[in-house]
Amino acid sequence: MWKNKKVSVIFPTYNEKDSIRDAIEDFFASGFVDEIIVVNNNAAKGTDEEVKKTNAKLVYEKKQGYGYAIWKGLEEAKGELFIISEPDGTFSGRDVIKLLAYSDDFDYVIGTRTTRELIWKDANMGAFLKWGNWAVAKLLEFLYNTTTLTDVGCTMRLIKRPLYEKLKPHFSVGTQHFGPELTLLVAKANVRFIEIPVNYKPRVGKSSVTGSFRKSLVLGMKMIFLIIQYRFKRINFKNDSCIS
């Protein structure tokens with residue numbers, strides 16, 4: 001609970017069997033998380049058993065893709081403040097407090113993993129990923145005249161329920177680049193938001209995307225195309241009054 005507002009965390013899972021239990025306990029340990037929704041997106045065998053050892057709620061999404069998993073988690077969440085993250089060991093439950101503190105002033109708070117002092121030893125943030133994420137983030141910042149952005153691919157973020165309800169009808173990306181789409185929708189809706197630095201630790205196990213140079217490059221190109229496409233896309237947002 002944060003200032004009488006229920007806090008929900010959404011964890012999509014595909015290949016995090018060896019880290020998901022620790023991640024759930026770490027986020028609950030922040031003292032502010034009321035519920036954690038784990039979305040099994042055709043996850044590795046044994047994942048359910050690890051989740052069931054915790055107080056997290058387990059749900060399923062058969063459509064393969066990060067975006068589809070997040071959509072499902074957001075639909076299931078009961079809170080007023082939604083925190084989206086990943087249970088792969090890279091993010092810290094302590095940073096929940098940072099996101100919540102900034103939620104007092106912003107409806108959308110997004111993390112950045114490119115702050116040197118918060119990149120842990122052996123974290124998967126080499127020069128290509130760091131500066132690639134920075135460059136694409138700067139493209140988004142320039143084209144949409146947003147707040148300062150330094151990481152287009154960070155998956156740790158907070159969104160308030162009213163803003164989620166406003167943007168939900170316009171979700172279209174069900175795969176890995178849903179994160180940038182969410183930020184683009186926020187920018188198109190002229191909603192104030194901010195980027196803050198978060199800890200970025202070594203992943204437990206190998207990522208199915210950023211562990212491959214080719215897949216990372218392809219994902220980056222998809223993000224660039226999406227950013228340019230949205231620049232000229234007309235979106236009719238409704239229920240504007242629901243945003244604080």
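The values are calculated or read from the model by the stated rules, or taken from the named source; none is laboratory data. Computed from a predicted structure; not experimentally measured. Cβ placement follows ideal geometry from the backbone for every residue including glycine, while neighbour counts extend to all protein chains displayed.
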Go through the residues of the stretch 108-115 one by one and say whether even a single one is under 13 Å from Ile196 (Cβ atoms), in contact with a Ser or Thr (Cβ under 9 Å, 6 or more places away or on another chain) and small (Gly, Ala, Ser).
yes
Which ones in the stretch 106-158 are surrounded by 15 or more Cβ atoms within 10 Å (Cβ to Cβ), at pLDDT 95 or above and of a type in the set (S, T, N, Q)?
Thr112, Thr114, Thr115, Asn133, Thr146, Thr150, Thr155
Any residue in the stretch 209-223 that is buried (at least 22 other Cβ atoms within 10 Å of the Cβ), among the hydrophobic types (A, V, I, L, M, F, W, C) and closer than 26 Å to Val39 by Cβ?
yes
Does Phe91 fit the bill of being more than 14 Å from the chain's Cα centre (by Cα) and hydrophobic (A, V, I, L, M, F, W, C)?
no
Every residue in the stretch 80-109 that is in contact with a helix residue (DSSP H, G or I) (Cβ under 7 Å, 6 or more places away or on another chain) and under 12 Å from Lys160 (Cα atoms), please.
Glu80, Leu81, Phe82, Ile83, Ile84, Asp107, Tyr108, Val109
Here is a check on your reading of the model: is Ile37 in contact with a Gly (Cβ under 6 Å, 6 or more places away or on another chain) and in a strand (DSSP E or B)?
yes
I'd like the residue in the stretch 80-91 that is surrounded by 21 or more Cβ atoms within 10 Å (Cβ to Cβ) and not charged (D, E, K, R) and, out of all such residues, is farthest from Asp22 (Cα to Cα).
Leu81
Between Leu99, Leu58, which is buried (at least 20 other Cβ atoms within 10 Å of the Cβ) and in contact with a strand residue (DSSP E or B) (Cβ under 8 Å, 6 or more places away or on another chain)?
Leu99
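One line per residue, one yes/no per condition, for (1) under 21 Å from Leu184 (Cα atoms); (2) in a strand (DSSP E or B); (3) among the hydroxyl-bearing types (Ser, Thr, Tyr); (4) touching a Leu at 6+ places or on another chain (Cβ under 6 Å):
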| site | (1), (2), (3), (4) |
| --- | --- |
| Lys78 | no, no, no, no |
| Asp88 | no, no, no, no |
| Arg94 | no, no, no, no |
| Ile97 | no, no, no, no |
| Phe106 | yes, no, no, no |
| Phe128 | no, no, no, no |
| Thr155 | yes, no, yes, no |
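State whether one or more residues within the stretch 163-175 are assigned to a loop (DSSP other than H, G, I, E, B), of a type in the set (A, V, I, L, M, F, W, C) and at pLDDT 95 or above. Write out each step before concluding.
From the stretch 163-175, those assigned to a loop (DSSP other than H, G, I, E, B) are 171-175; that's our starting set.
Going one step further and asking which of them are of a type in the set (A, V, I, L, M, F, W, C), we end up with 171, 173.
Add one more test, that the residue is at pLDDT 95 or above, and what stays is 171, 173.
Looking through the stretch 163-175, at least one residue is assigned to a loop (DSSP other than H, G, I, E, B), of a type in the set (A, V, I, L, M, F, W, C) and at pLDDT 95 or above.
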So, of the residues in the stretch 26-57 that are free of Cβ contacts under 8 Å to residues at least 40 places away in the same chain and among the acidic types (Asp, Glu), which turns out to be farthest from Leu99 (Cα to Cα)?
Glu49
